[in-house]
Each structure stands twice: as structure tokens, then as C-alpha cells.
Amino acid sequence: MPQHRFVVLDDWTGFYASQPSLNLLRERGAVVTFDSPASDPSEVVERLRGATVAIANRERTLLPGSVLSHAQQL
């Protein structure tokens, strides 16, 4: 099974970090959570570098085409 890099972009409430089911994702790859908003689009690009799955569950991180075009493994 391929290893994934799961990126949670907006866990500012700490919800994902507290979920036991997050271990299911960890069995399939690395899990990275961000609990503060990105300061600009270039930081979002950096956070998504190498990501195969992005979980964008809040309104804080914008994902325009100019950002997503850099996430080539997504």
C-alpha cells in the first residue's frame, strides 16, 4: 500500500489531534495538522508540499487554482 501524507490545514480547535480514529490514517502514512492559519498563499503551498490528501474543513485556508497547481501529488 502506498504511503500517504495527510495534511489537515485548519485544526485550530484541536479536533483532529484529539480523535482516536486519526491512528487509522497514521497506519497509511504521515499525518500533519496545522492549528494556525497560513499567513499567505506561499505558506499554504509549503504546507501542501508532498501531500497526497488534504483535509480542508474550515473556511480559513483558501485553495485557489494558483495554490492547488503546486500540489502535484495531491
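The values are calculated or read from the model by the stated rules, or taken from the named source; none is laboratory data. Note that the coordinates shown come from a computational prediction; the quantities given were computed from them, not determined experimentally. Heavy atoms of the whole protein, side chains included, go into the accessibility calculation; ligands, DNA and RNA do not. Shrake-Rupley method; radii C 1.70, N 1.55, O 1.52, S 1.80 Å.
Quick notes on this structure:
- Accessible surface of residue 13 - all protein chains present, 1.4 Å probe, nearest 10 Å²: 80
- Length gained on full extension, residue 43 to residue 58: 3.8 nm, using 0.36 nm per residue less the C-alpha separation.
- Dividing the summed helix terms, -39500 (n - 2.57) for each DSSP H run of n ≥ 4, by the number of residues in the chain produces a 222 nm estimate of -5000 deg cm²/dmol to the nearest 500.
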